Amino acid sequence: MFPPGFAWGAATSAYQIEGGWQADSKGPSIWDTFCREKGRVFDDQNGDFACNSYELWEKDLECIQQLGLTHYRLSLSWARLLPDGTTQHVNKRGVQYYNKVIDDLLACDVLPMVTLYHFDLPQALQDRGGWTSPDIAILFDKYANFCFQTFGDRVKLWITINEPYVCAKLGHEDGIHAPGLKEKGTAPYVVGHNMLRAHAMAWHSYSSVYREKQGGAVSLAINSDWFEPLDPGCDEDIAAAARALAFTLGWFAWPVFVTGDYPEVMKSAIDAQSEKLGYRGTSRLPRFSEDEPTILGTADFFALNYYTSRKVKPRGGCEKTLSTKSDQDTEEVVDPSWPISGLSWLAVVPDGLRKLLKYIKDTLSSPAVYITENGFSQVGPLQMKDVHRCEFYKSTISELSKAVQEDGVDVRGYFAWSLMDNFEWADGFSVRFGLFHVDFSHAELNRNIYQSGQEYANIISKYKSDQRKSEQLSKSNVDC
Ligand code: BGC
């Protein structure tokens, strides 16, 4: 049910799995700092050791092979490669580590998809203002150039920034992700803006310097829930669902795929709320400058991280303080019929993925799409026979195949989150997203496949054997 060459992957990120937080001259990142502040993370845990993939990479590779993955999505730790965030100091051991990972993957016929930034800014750059400073875009571009130059002969799929929405909102408004800022209604828009500028600069660098020789593709990973009106017959609910989509997917997708600018509904809602709350000064949503590289068209494919869905109605303008939520003016509810995975926010809605993909196709001119993350969490007593997660993967992949076959969405690949249990940000190790269980109670950190991992491996193996059969069939037709 999936096209030839479909990418079957799993994803991880550097801070969540690597450990080795000070190994071989790695610099500190904002997550190293954040985790040291009491009360930030569940049980004051941290990613100092995590899955220790820095030393146990071969174990990860075994898991990748056991699943039969065709692709593996990993992220590079900026502070491991460039300890102070700048290209003035390159950490050769960090380069060696990622060279080995990439070479090992290719030797096993697994293609890497590499994310340059997955939440872990070098602390040295945070000390210079981090993502709120306009200078960060140039520093990111230099880092991206360094990575394209160093690894681009072998890496052909790049993600510049993972989930700018999450960095902007959870890190700079809610304060529940590093760097833990709570500058409501202002910093998130500045951070999002600088992330878009940084992404666009890196994409332009790739296009002008590396693309011809390396022949790869570059995008940014945009996360979005699927939002639909609570009452599909109510105009206010329809408008609220459209606003929710504009403030999540649209915030980053409109500038890159549609107009080069933020969605109109987002701009007008922010301005109206500023006026209502007596906010003086220029708009809280920065404007793109014509003197800088254009944002429109800076993605070679759409990279979607999808986890859940919501039903939406208006909040009724009752918020009295500035925040992205009050600008958005929506109330989001979970349909009682949707099962909940381990986490309260993670309602399981596989057909929401299909609907979101159709929306992306219809509104963003049918881009090629990779699902760069999608997963199901386990909390509480350990279940190696994780039947609910098995069901989740089966029904999600079935919805995905309908998106391809029936809706004509150009889906090129699917990456499960995550290869193995890891450090789940503010939830520490209390939440398990892995296809492999990691035994964090023993120094060996053994990885063991969950039933859902086996289920996923079976799906991939079936796909591969169907592909072989159809290749043989078309070959014998040609021979005839
Ligand atoms: C992030 C991952 C995270 C996952 C589950 C995504 O937002 O990219 O790093 O572990 O969601 O919460």
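The values are calculated or read from the model by the stated rules, or taken from the named source; none is laboratory data. Just so it is clear, the model here is predicted, and its values are computed rather than measured. Backbone-built Cβ (ideal geometry, glycine too); neighbour counts: all protein chains shown. These accessible areas exclude ligands, DNA and RNA; they are computed on the full protein's heavy atoms, side chains included. Shrake-Rupley method; radii C 1.70, N 1.55, O 1.52, S 1.80 Å.
Brief remarks on what is shown
- Distance between the C-alpha centres of the stretch 383-450 and the stretch 286-306: 29 Å, rounded to the whole angstrom.
- Per-pair calculated FRET efficiency, R0 = 30 Å: Cys234 and Ala272 via Cβ, rounded to 0.05: 0.90
- Take the chain with all the other protein chains still there, run a 1.4 Å probe, and you get 39 Å² of accessible area per residue.
- Sorted largest first, the principal axis extents computed over the alpha-carbon atoms of the stretch 1-125 equal 48, 36, 24 Å.
- The chain - charge dipole about Cα centre, Lys and Arg +1 at Cβ, Asp and Glu -1, debye rounded to 20: 380 debye
- Whole-Hz ³J(HN,Hα) from phi, Karplus 6.51 cos²θ - 1.76 cosθ + 1.60, for the stretch 203-216, glycine and proline x: 4, 5, 4, 4, 5, 7, 10, 10, 3, 4, 7, 8, x, x
- Remark: the stretch 50-60, residue by residue, has Karplus-estimated 3J(HN,Hα) of 6, 8, 6, 5, 4, 9, 10, 3, 4, 5, 5 Hz, where x stands for each Gly or Pro and the curve is 6.51 cos²θ - 1.76 cosθ + 1.60 at θ = phi - 60°.
- Largest to smallest principal axis extent of the C-alpha atoms in the chain, angstrom: 69, 55, 51
- Per-pair calculated FRET efficiency, R0 = 45 Å: Ser366 and Ile176 via Cβ, rounded to 0.05: 0.80
- Relative counts (whole %) of C-alpha pair distances in the stretch 246-330, using bins that are 10 Å wide: 15, 40, 33, 12, 0
- Residues whose amide H lies under 5 Å from that of Thr330, counting only those 5 or more places away or on a different chain, are Arg315; hydrogens are built 1.01 Å from N in the peptide plane.
- Distance histogram in 10 Å bins (all Cα pairs of the stretch 414-480, percent per bin): 19, 33, 20, 14, 10, 4, 0
- Paramagnetic reach from Asp24 (point 7 Å along Cα→Cβ, amide N under 13 Å) across the stretch 85-107: 91-103
- Debye-sum result for the stretch 90-205 in log10 I(q)/I(0), which assumes one identical scatterer on each alpha carbon, at q = 0.16, 0.17 Å⁻¹: -0.77, -0.85
- Accessible-area value, Ser268, 1.4 Å probe, nucleic acids and ligands omitted, Å²: 70 Å²
- Portion, in percent, of the accessible area of the stretch 383-480 that falls on carbon or sulfur, probe 1.4 Å: 49 percent
- By average C-beta atoms within 10 angstrom, highest first, the peptides 69-77, 390-398, 153-161: 69-77, 153-161, 390-398
- Calculated mean residue ellipticity at 222 nm for the chain: -12000 deg cm²/dmol, from DSSP H runs with n ≥ 4 weighted as -39500 (n - 2.57), summed, divided by the residue count and rounded to 500.
- Remark: for residue pairs Lys26/Lys394; Lys276/Lys311; Lys156/Lys182; Lys169/Lys213; Lys38/Lys394; Lys38/Lys276, the C-alpha separation exceeds 29 Å in Lys26/Lys394; Lys156/Lys182; Lys169/Lys213; Lys38/Lys394; Lys38/Lys276.
- Histogrammed with a bin width of 10 Å, the alpha carbon distances of the stretch 184-320 distribute as 11, 35, 33, 16, 4, 0 percent, first bin at zero.
- Averaging Cα coordinates gives a centre for the stretch 170-195 and one for the stretch 318-342; these two points are 18 Å apart.
- Gain on full extension, evaluated as 0.36 nm per residue between Ser430 and Ser470 minus their Cα-Cα distance, stands at 10.0 nm.
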